[in-house]
Amino acid sequence: MQENIKAEGSQKTVEKLKEVARIEFMKNGYAATKTRDIANKAEVNLALMNYHFGSKEKLFEIVMLESIDKLFSFILPTLNDEKTSLGEKFDLLSEGYITMILLEPNLPIFVLNEIQQNPAHFGNQIKMNSAIINSKYIAQLKQADPDTDPIQHLITYLGILLFPFFMRPVMTANGVIEEASFKAAIQERQRLAPLWMKKIVGIV
């Protein structure tokens with residue numbers, strides 16, 4: 001019984017450290033984030049943090065892999081769903097992505113930085129060579145628009161959904177758009193983006 005309580009407490013400590021680390025890494029970047037600050041904000045002894053993770057590099061790797069998984073995990077089931085049409089997949093991708101990123105607007109930039117630093121690792125993490133390229137979604141795109149490479153369609157759609165979040169800090173910092181207006185514009189894009197893609201592939 002006592003061992004179970006210790007194990008549960010240890011797991012809670014690990015999760016708390018990862019959550020604080022994720023916030024700090026997203027806000028400050030890897031180089032500017034100090035392990036002591038993570039430990040202090042998580043209200044955990046630095047030695048205990050080192051016991052669980054060993055190093056800042058290891059902690060960052062864990063946090064990054066979980067962030068990549070969060071950003072892309074729902075994509076694979078959506079792309080490979082045999083029961084939904086291509087148009088329905090467009091709807092689901094827009095709804096899922098934008099709803100999630102509005103809750104964590106710094107997530108795309110955080111993951112983009114990792115893609116630039118380690119593209120091969122990123123590609124392996126989301127199984128780019130198998131689960132996406134061989135997905136039902138890609139097959140449906142080929143059928144809808146056989147004259148266009150389906151990967152071009154997929155890249156276009158991800159760009160439509162994600163690029164505004166990459167530009168958000170610039171636009172809000174320079175007064176181009178206020179935070180509340182940005183959120184309203186993104187929610188409108190959530191509705192419009194699938195319609196644009198359906199028109200591109202001619203299924204409207």
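Values of log10 I(q)/I(0) for region 130-177 across q = 0.16, 0.20, 0.22, 0.29 Å⁻¹ run -0.56, -0.68, -0.74, -1.03, by the Debye formula with one identical scatterer at each alpha carbon and no solvent.
Modelled spin labels at ASN40 and GLU188, positioned 7 Å past Cα toward Cβ, are 4.4 nm from each other.
Each residue in PHE166, PHE90 was given a count of other beta-carbon atoms within 10 angstrom of its own, and listing them fewest first yields PHE166, PHE90. This ranking places HIS153, HIS52 by how few other beta-carbon atoms lie within 10 Å of each, fewest first, which gives HIS52, HIS153.
Spin-label model, GLU66/ALA31: points 7 Å from Cα along the beta carbon direction are separated by 2.6 nm. A dipole drawn for the chain from +1 and -1 charges on Cβ atoms has a positive end, and of PHE72, PHE163, ILE138 the residue lying farthest that way is PHE163.
Bridging of LYS183 to lysines at a Cα separation below 30 Å is possible for LYS16, LYS18, LYS27, LYS41, LYS70, LYS89, LYS198, LYS199, once same-chain residues fewer than 8 apart are set aside. Shown for the chain are the DSSP H helices of 20 Å or more along their axis, judged by Cα atoms, with a mean Kyte-Doolittle hydropathy of at least 0.0: 56-72, 86-103, 150-173. Once you have a ≥ b ≥ c as the square roots of the Cα gyration tensor eigenvalues for region 2-63, tell me rounded if a/c is under 1.5, and otherwise prolate or oblate according to whether a/b is larger than b/c. It comes out prolate by the Cα gyration axes. Can you sort ASP91, ASP81, ASP147 from fewest to most other Cβ atoms within 10 Å of each residue's own Cβ? The most exposed by this proxy come first: ASP147, ASP81, ASP91. Loop-located trypsin sites (Lys or Arg not before Pro) across region 37-116 with a Cβ neighbour count of 13 or fewer within 10 Å are LYS83, with loop assigned by DSSP.
Overall shape of the chain was characterised from the C-alpha gyration tensor. The equivalent ellipsoid obtained from it has semi-axes of 36, 21, 15 Å, in decreasing order. Loop-located GluC sites (Glu not before Pro) in region 78-119 (DSSP state not H, G, I, E or B) with no more than 14 neighbouring Cβ atoms inside 10 Å: GLU82.
Bear in mind that the values in this text are calculations on the coordinates, not laboratory data. Just so you know, these numbers come straight off a predicted model, no measurement behind them. For neighbour counting, all protein chains shown are included, and Cβ atoms are generated from backbone atoms with ideal geometry for every residue, glycine included.
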